[in-house]
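Just so it is clear, none of the values below were taken in a lab; they were calculated from the coordinates. Computed from a predicted model, the values in this text were never measured in an experiment. Quick reminder, even Gly has a Cβ in these numbers, built from the backbone with ideal geometry, and neighbours come from all protein chains shown.
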Amino acid sequence: MFEFASRAARRERPPPGVERARCDLSFVRPGTISDMPGISLWRPELSHPSQRRERAVIAALALTSALCAACVPGIASARASEAVTAVTFIDVIPNQFVPGNEDKAQVLLKQMNADTQRDPGLVSFAILQETLHGNHFTLYEVWKDERAFDAHTQAAHTREFRSDLQPLIGSPYETIVTTPAH
């Protein structure tokens, strides 16, 4: 069973006779779903290699999108000074713990994709699923400007997606919003 530990729990000493490495909870992300009002932006500590890897993936995605902007339809048409890029990491509880959970998440993500395609100001929207871990999804969005992105985040279909996804996720998801450096 997976549990989220608070920062205080990570500082606890191991039980007598147990090595520190076996009790180190630094891999556990701070905060719990219940601590968050709905789903909001969440910034993890970069204490564990897997969290640093996530940041490296984000950097690679940003670099790839910058280098291949002409290759991806729509990205080149967004004015660089106004474009907003959002990358969201979603980890749902794996099927081995809740059978059918990943399938439910895929249905919600497909509906989110269909609804988002109709949002004004959308330049590009992609849903990626990790190959080795089918319960890990990444949303990659490019919006014409911040106003279009804000309208999307406040849209009824986005709020409905987040509330429907809430019981399926295994950890709070992180959204990183970027704009071009000036």
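The amide H of Asp145, built 1.01 Å from its N in the peptide plane, has Val84 as neighbours under 5 Å, considering only residues 5 or more places off or on other chains.
Between the C-alpha center of the range 144-170 and that of the range 93-112 there is a gap of 17 Å. The ranking of Glu82, Glu174, Glu141 from fewest to most other beta carbons within 10 Å of each one's beta carbon is Glu82, Glu174, Glu141. For the range 85-98, 3J(HN,Hα) computed residue by residue from phi via the Karplus equation (6.51, -1.76, 1.60; θ = phi - 60°) reads 10, 10, 10, 10, 9, 10, 10, 9, 5, x, 4, 5, 9, 9 Hz, glycine and proline entered as x. Taking 0.36 nm per residue of separation and subtracting the Cα-Cα distance, full extension of the segment from Leu128 to Glu82 would add 14.1 nm.
Note on Lys110, Lys144: ascending count of other Cβ atoms within 10 Å places them as Lys110, Lys144, the fewest first. How would the range 78-182 be classified by its alpha-carbon gyration tensor: rounded, prolate or oblate, with rounded meaning a/c under 1.5 and the a/b versus b/c comparison settling the rest? The shape class here is prolate.
A simple spin-label model places pseudo-atoms 7 Å from Cα toward Cβ; at Gln96 and Ala151 they are separated by 4.5 nm. Can you work out the PRE-style zone for Gln117? Point 7 Å along Cα to Cβ, and I want the residues of the range 126-150 with backbone N under 17 Å. Within reach of a label on Gln117, which here means backbone N under 17 Å from a point 7 Å along Cα→Cβ, the range 126-150 contributes 126-128, 140-142. Each of the peptides 83-96, 121-134 was scored by the mean count of other Cβ atoms within 10 Å over its residues; in descending order, highest first, they stand as 83-96, 121-134.
The Cβ shell under 10 Å around Pro120 holds other residues with a net charge of +2, Lys and Arg each +1, Asp and Glu each -1.
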